[in-house]
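The values are calculated or read from the model by the stated rules, or taken from the named source; none is laboratory data. Worth saying up front: this structure is predicted, and the values here are computed from it rather than measured. Here the Cβ positions follow ideal geometry from the backbone for every residue, glycine too, while neighbour counts run over all protein chains shown. The accessibility values were calculated without ligands, DNA or RNA, using every heavy atom of the protein model including side chains. Shrake-Rupley method; radii C 1.70, N 1.55, O 1.52, S 1.80 Å.
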Amino acid sequence: MKNLAQSNYSSALETVRNLKAKHGHSWNAINPESAARMVTQNRFKTGLDIAKYTATIMRDDMAAYDTDSSNYTQSLGCWHGFVAQQKMIAVKKHHKTTSKRYLYLSGWMVAALRSEFGPLPDQSMHEKTAVPSLIAEIYDFLRQADAIELNDLFKRLEKGEDVQDQIDNYETHIVPIIADIDAGFGNEEATYLLTKKMIEAGACAIQIENQVSDAKQCGHQDGKVTVPHEDFIAKLNAIRYAFLELGVDDGVIVARTDSEGAGLTQKLPVSMEEGDLASQYLAFVEAEEIAIQDAKEDDVLLKRDGKLVRPVRLTNGLYKFKEGSNIDRVVLDCITSLQNGADLLWIETPTPNVKQIANMVNRVREVVPNAKLVYNNSPSFNWTLNFRNQVFEEMLAEGENMTGYDRNNLMDVQYDGTELCFRADEKIKTFQKDSAREAGIFHHLITLPTYHTTALHINDLTQGYFGEEGMLAYVKGVQRQEIRKGVSCVKHQRMAGSDLGDDHKTFFTGENALKAGGENNTSNQFEAKLNNNPKKRLSIVA
């Protein structure tokens, strides 16, 4: 992903020089080097540029995973452009590359944090335009991160530092985003129109679920209602057409099935011939055998295996699926989606259990050998309790004496230093690696991590700041940590673009520029002196 070659700068420099010669004296004030530098710092001019670029990355990563499952990818859900920006800056700082690291846009967080109606549940009640708006915002912040970092490199180059190789091989903060379109926000035409907006904002991967659009529920809540395969396929087609229309030929479709936890359907599809998709879907519907004379007025009846049956219909008009049919429905959903244009699967599960996930994926792979999952490492799971329960069962099966553990209270802090805790935490630690290898998971994400970290950190700061610690709570718990860990936004003026703006003002105005970064800028306090020499400073942020 070394993607910003110096030839871009050279090409831009030549272009601006030619334009300057063409326009003559009226362009005297334009400095070709400054203009070329600005062009280089803003490689991606539109969201479509981003979508095309990141779609290629995802396709390459998918091919690499097919060769070796250790090449799985990861992301964290971000609800604001600044959060996404700081995440990718931290990725580059700690891991030296953005390779295999994506972003996730959660419909849940859009509903909870980005709607003009205020906080909402994950039921597709928020404005659909909020989704592409957040995608665009995220990429605005990532492009700014590029501009700031490259601007610093160019300034260092001007001062004689040998950073040419870093400029020539600059790695952008722009990475793929998997964007949640919920159940499509309406019919297939509505899905197509919203998909176009999301792609134009920069999304290369669209995740869509097979719930009824106007009855959508969070995948980890009850009351989910799925649609027949024909309805879902129409929306898969709508997304593909949107990608093709906009020239994003490598666009990725993630087909999510909620059938594992959904027990209801709103529609009974029409079967045209025995064994077709509609027939297979209808076979899952719970029904009772009935004689025609026992049918009530306006009853809905089906012929099944030569017998007349009445589907079980609730008073709200919804139909029930057979108990225990959920896994079979998941498998059929997945196979059908992959056979009709989807690239990746998403299976919502009740717990993070590698064996259970693998059981479903392996059945899909009997028909589609390269089937791959995007998996939600959800905060809706109690990870500690789930894995302690799994390990408890394993230790019991191994003949361990488990009388020292209260099975109904395994979350208790008293167990934190025990063998059970150690083994459970190790399983959590290796969950992504294990499930990538054993359960076909290509991409691991956490949907709501930044929602929870924000709440946690505000809780901790509030406890101290409004208590006995006062200002020390902020200094010790936030600022001092930012300084010592080199967190980029400790110099928040720079992170907001102040230094970048100063350089632009110099380009535009020359020596008359009124700049913010002078001697009296208090951000200078965040530069560490070396060897007690005030003339020799080292910036503490990247």
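So the values come out like this:
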item: Qualifying residue in region 215-224 (condition: under 19 Å from residue 108 (Cβ atoms) and in a helix (DSSP H, G or I)); result: yes
item: Strands (runs of 3 or more DSSP E) completely within region 276-363 that count 1 or more residues being touching a helix residue (DSSP H, G or I) at 6+ places or on another chain (Cβ under 8 Å) and without any contact (Cβ under 8 Å) to a residue 60 or more places away in the chain; result: 302-304, 307-311
item: Selection from region 129-139 of residues that are more than 12 Å from residue 81 (Cα to Cα) and surrounded by fewer than 19 Cβ atoms within 10 Å (Cβ to Cβ); result: 129, 130
item: Any hit, region 5-27, residues being within 30 Å of the chain's Cα centre (by Cα) and of a type in the set (A, V, I, L, M, F, W, C); result: yes
item: Listing of helices (runs of 4 or more DSSP H) fully contained in region 404-474 that carry 2 or more residues being more than 30 Å from residue 359 (Cα to Cα) and of a type outside the set (S, T, N, Q); result: 449-465, 471-474
item: Every residue from region 65-81 that is open to solvent by 30 Å² or more (accessible area, probe 1.4 Å) and within 15 Å of the chain's Cα centre (by Cα); result: 72, 74, 76, 79, 80
item: Pairs where the first residue, in region 22-38, is at pLDDT 95 or above and the second is part of a helix (DSSP H, G or I), C-beta under 7 Å, 6+ apart; result: none
item: Residue match in region 429-452 (condition: loosely packed, with under 14 Cβ neighbours inside 10 Å, modelled with pLDDT of 95 or more, within 30 Å of residue 344 (Cβ to Cβ) and not aromatic (Phe, Trp, Tyr)); result: yes
item: Which listed residue, of 169, 151, 187, is within 30 Å of residue 507 (Cβ to Cβ), in contact (Cβ under 8 Å) with a residue 12 or more places away in the chain and either of a type in the set (Gly, Ala, Ser) or open to solvent by 10 Å² or more (accessible area, probe 1.4 Å) (or both); result: 169
item: Test: residue in region 370-390 that is assigned to a helix (DSSP H, G or I) and surrounded by fewer than 12 Cβ atoms within 10 Å (Cβ to Cβ); result: no
item: Some residue of region 245-260 being open to solvent by less than 30 Å² (accessible area, probe 1.4 Å), in a helix (DSSP H, G or I) and not polar (S, T, N, Q); result: no
item: Residue in region 94-114 that is buried (at least 17 other Cβ atoms within 10 Å of the Cβ), at pLDDT 90 or above and closer than 18 Å to residue 499 by Cβ present; result: no
item: Residue 351 vs. criteria open to solvent by 50 Å² or more (accessible area, probe 1.4 Å), hydroxyl-bearing (Ser, Thr, Tyr) and more than 23 Å from residue 272 (Cβ to Cβ); result: no
item: Matching option when the condition is touching a strand residue (DSSP E or B) at 6+ places or on another chain (Cβ under 7 Å), over 19 Å from residue 250 (Cβ atoms) and at pLDDT 95 or above, among 4, 76; result: 76
item: Options 330, 248, 252; residue that is among the aliphatic types (A, V, I, L, M) and under 24 Å from residue 359 (Cα atoms); result: 330
item: Among (1) open to solvent by less than 10 Å² (accessible area, probe 1.4 Å); (2) farther than 18 Å from residue 278 by Cα; (3) not β-branched (Val, Ile, Thr), the one test that residue 334 misses; result: (2)
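Condition check ((1) buried (at least 17 other Cβ atoms within 10 Å of the Cβ); (2) among the polar types (S, T, N, Q)) across all residues:
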| position | (1), (2) |
| --- | --- |
| 13 | yes, no |
| 21 | no, no |
| 51 | yes, no |
| 60 | no, no |
| 85 | yes, yes |
